[in-house]
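> This structure is in structure tokens; I'll ask about it shortly.
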Amino acid sequence: MATTLTPSTALWTIYDCAFAVDMLTEDSQLDARAFSEGLGPGSDPYFYARIAAQWKVDAGYAAEQCGKPAGVLTGTELSAPPGQFALAILSHQGDEILHPANAAWDSMWISAYQRLESLWTLAGGSSS
């Protein structure tokens, strides 16, 4: 079946696809490890378990979408950036302020999630 591209159809490059899947998979693994080590906010001891699972779901959405002919992104999963992207950015911005020694680490994750937000926005044509 041929894919018809319309002006509103957005494409991710192969590099965008690899970036999205790799970053989300890595963050899922890091957060799963944090949960297994007993880390997390005192008010929500399962935070890292839940967010690790969500990053894995988002990586799956990206991989699934990237596997389509010509990398055409469709589907309600990509209609707007997931809210947890904004939460990740805010969390790392806060950590930068509270722990200046982590600035390079936090800056890398802020940039990564800003790029992911842009990719999701490109895919869905909207933001939230």
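> Of the residues that make up segment 65-73, is at least one loosely packed, with under 14 Cβ neighbours inside 10 Å, among the basic types (K, R) and either closer than 18 Å to S118 by Cα or at pLDDT below 85 (or both)? Step through it out loud before you land on a result.
If we filter segment 65-73 for residues that are loosely packed, with under 14 Cβ neighbours inside 10 Å, which is where we start, we get 67-70.
After this cut, where a residue has to be among the basic types (K, R) as well, the list is 68.
Adding the requirement that they be either closer than 18 Å to S118 by Cα or at pLDDT below 85 (or both) leaves 68.
Yes: segment 65-73 contains one or more residues that are loosely packed, with under 14 Cβ neighbours inside 10 Å, among the basic types (K, R) and either closer than 18 Å to S118 by Cα or at pLDDT below 85 (or both).
> How many residues, within segment 39-55, are at pLDDT 90 or above and either surrounded by fewer than 19 Cβ atoms within 10 Å (Cβ to Cβ) or in contact with a Cys (Cβ under 7 Å, 6 or more places away or on another chain) (or both)? Write out each step before concluding.
Of segment 39-55, the ones at pLDDT 90 or above are 46-55.
Next, from what is left, pick out any that are either surrounded by fewer than 19 Cβ atoms within 10 Å (Cβ to Cβ) or in contact with a Cys (Cβ under 7 Å, 6 or more places away or on another chain) (or both): 46-47, 49-50, 53-54.
Number of matching residues: 6.
> Scan segment 83-90 and give yes if some residue there is among the β-branched types (V, I, T) and modelled with pLDDT under 95, otherwise no. Give the steps one after another, and end with the answer.
First pass over segment 83-90, keeping only residues among the β-branched types (V, I, T): 89.
Narrowing further to those that are modelled with pLDDT under 95: none.
Checked against the condition, which is being among the β-branched types (V, I, T) and modelled with pLDDT under 95, segment 83-90 yields no hits at all.
> Scan segment 16-54 for residues that are part of a loop (DSSP other than H, G, I, E, B), farther than 17 Å from S91 by Cβ and either touching a helix residue (DSSP H, G or I) at 6+ places or on another chain (Cβ under 6 Å) or of a type in the set (S, T, Y) (or both) and report the count.
If we filter segment 16-54 for residues that are part of a loop (DSSP other than H, G, I, E, B), which is where we start, we get 37-46.
Imposing the further condition that a residue be farther than 17 Å from S91 by Cβ reduces the set to 37-38.
Next cut, either touching a helix residue (DSSP H, G or I) at 6+ places or on another chain (Cβ under 6 Å) or of a type in the set (S, T, Y) (or both) only: none.
Qualifying residue count, segment 16-54: 0.
The values are calculated or read from the model by the stated rules, or taken from the named source; none is laboratory data. In this text the structure is predicted, and so the values were computed from the model without any measurement. All Cβ positions, even for glycine, are placed from backbone atoms using ideal geometry, and neighbour counts span all protein chains on display.
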